[in-house]
Amino acid sequence: MIECIFTVDYEIYGNGEGSLRELVYEPAEKLKAIFRNWNAHCVVFVEAAELEIIGSERTDPAINLVERQIREFHGEGFEIGLHLHPQWYNAEYGNGSWHLDYGEYNLCRLSPDRIDQIIDRSIAYLRKVLAAPGFCPLSFRAGNWLLQPTGAAAKSLAAHGIKVDSSVFKGGLQHQHDLDYRRSCKNGYYWPFSEDVNVPDPRGILLEIPTFTKMVPVWKMFTPKRVGLQQKGPAKTMHWQNRLARLRDFSRFRHPMKLDFCRLTVTEMIRMFDLEIEKDRRDPSLFRPIVVIGHTKDLVDFNAVDEFLSYLRQCQIRISTFDEISRRIQLSNLKTHE
């Protein structure tokens, strides 16, 4: 059985550039209308650190619109997940631009106390925005998908009530940040984990439901739509060492292509999904939650989203949230052990 979870990272560009109205509020408003039309919900991964700091410094007048929109998403039944780029918490604003603390780029490489502080602060921000003191996000996605080294961050996330992570993309490799998710390729569609997100642990403290990927020849990563979105982003001067690391990332024949509703055409998305439907026909007993990803800052092709939702409806594929999926997995595990 297949179920599809749409997720959207709710954020501006990673270096702090961009307008909240243009890159977050307006595309999310259109996305909300599309899902409302299909009587469906997605998971909104709110970048809490970024929004809190922008709000405290009052650098973007649209912050009030964005925070109101988050409350509307929550009130309409959309799942609010926690997304974090911790380099924002020590950010400084000057001369019209943000200067982020890249020493805190990877949450997992910070001390356990600092990890706890950041997660605690980010959840407190969501509670404040939602005016819900008891709110706890069920799901988490790390900034730049960085959930390695896993142990300390996983412990803190679980202690704060988070139950599901969706930071992994199978086959992922980033030399610059020592990210390596290649080992997860042999895992199933979901798995519990504790010390290493790549390694299933029957007693795991968190459940990993990864962003769906397909390994493709590397040249397939350079499609017109993907390249166009890359050029749409902020101009970046990359240090030669970082540029070399990125070249190493792409220096393998096969590369993971995420099921990304912003960067793929509807034809590409359907082609990827058709393969999973065929697998499901051959073995319908296996539960297959498939996570689709997108970013508000990349969201320009709304027709592709609408057409893909139409395709899923025609194929009778249920659109779910992590809350629904995790409950279903938990119930299945209980029945297995009866």
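The values are calculated or read from the model by the stated rules, or taken from the named source; none is laboratory data. Keep in mind that what you see is a predicted model, and the values were worked out from it rather than measured. So basically every Cβ, Gly included, is an ideal-geometry build from the backbone, and we count neighbours across all protein chains shown.
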Any chance you could count how many residues in the range 101-141 are within 21 Å of the chain's Cα centre (by Cα) and closer than 14 Å to Glu52 by Cβ?
12
Residue set Phe308, Phe322; condition over 20 Å from Ile80 (Cβ atoms), surrounded by 20 or more Cβ atoms within 10 Å (Cβ to Cβ) and under 23 Å from the mean Cα position of the chain (by Cα); output residue Phe308
Within the range 294-303, is even one residue among the hydroxyl-bearing types (Ser, Thr, Tyr) and at pLDDT 95 or above?
yes
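Residue by residue, here is whether (1) at pLDDT 95 or above; (2) small (Gly, Ala, Ser); (3) assigned to a strand (DSSP E or B) holds:
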position	(1), (2), (3)
Asp196	yes, no, no
Leu207	yes, no, yes
Trp219	no, no, no
Arg226	no, no, no
Leu229	no, no, no
Pro234	no, no, no
Residues of the range 202-231 being in contact (Cβ under 8 Å) with a residue 60 or more places away in the chain and either out of contact with any Leu (no Cβ under 8 Å at 6 or more places or on another chain) or exposed (fewer than 15 other Cβ atoms within 10 Å of the Cβ) (or both), in sequence order, are Leu207, Ile209, Pro210, Leu229
Might you let me know whether the range 154-167 holds any residue that is within 27 Å of Phe261 (Cβ to Cβ) and surrounded by fewer than 16 Cβ atoms within 10 Å (Cβ to Cβ)?
no
For Asn187, are the conditions met, namely being closer than 20 Å to Leu286 by Cβ, in contact (Cβ under 8 Å) with a residue 12 or more places away in the chain and not aromatic (Phe, Trp, Tyr)?
yes
Would you confirm, using the coordinates I've provided, whether Ser184 is surrounded by 21 or more Cβ atoms within 10 Å (Cβ to Cβ) and in contact with a helix residue (DSSP H, G or I) (Cβ under 6 Å, 6 or more places away or on another chain)?
no
Residues of the range 19-49 that turn out to be under 17 Å from Glu76 (Cα atoms) and of a type in the set (Ser, Thr, Tyr), as a count
1
Which of the residues spanning the range 136-145 are on the phi < 0 side of the Ramachandran plot, surrounded by fewer than 22 Cβ atoms within 10 Å (Cβ to Cβ) and touching a residue at least 40 places away in the same chain (Cβ under 8 Å)?
Leu138
List every residue pair whose Cβ atoms sit under 7 Å apart, with the two residues 6 or more apart in sequence or on different chains, where the first one lies in the range 286-300 and is within 27 Å of Arg327 (Cβ to Cβ) and in contact (Cβ under 8 Å) with a residue 60 or more places away in the chain and the second, anywhere, is part of a strand (DSSP E or B) and among the basic types (Lys, Arg).
Ile293/Lys258
Out of all the residues in the range 60-79, is one or more modelled with pLDDT of 95 or more, more than 25 Å from Ile293 (Cβ to Cβ) and surrounded by 14 or more Cβ atoms within 10 Å (Cβ to Cβ)?
no
Out of Lys155, Lys186, Lys128, report the one residue that is of a type in the set (D, E, K, R), under 27 Å from Met1 (Cα atoms) and either in contact with a Ser or Thr (Cβ under 6 Å, 6 or more places away or on another chain) or at pLDDT 95 or above (or both).
Lys186
Among the residues of the range 7-27, are any among the acidic types (Asp, Glu), closer than 30 Å to Asp280 by Cβ and crowded, with 18+ Cβ neighbours inside 10 Å?
yes
Are any of the residues in the range 83-105 out of contact with any Ser or Thr (no Cβ under 8 Å at 6 or more places or on another chain), of a type in the set (D, E, K, R) and in contact (Cβ under 8 Å) with a residue 60 or more places away in the chain?
no
Strands (runs of 3 or more DSSP E) completely within the range 1-119 that count 2 or more residues being over 30 Å from Ser332 (Cα atoms)
92-94, 97-99
Of the residues that sit in the range 1-23 and are hydrophobic (A, V, I, L, M, F, W, C) and in contact with a strand residue (DSSP E or B) (Cβ under 6 Å, 6 or more places away or on another chain), which one is nearest to Gln69 (Cα to Cα)?
Val8
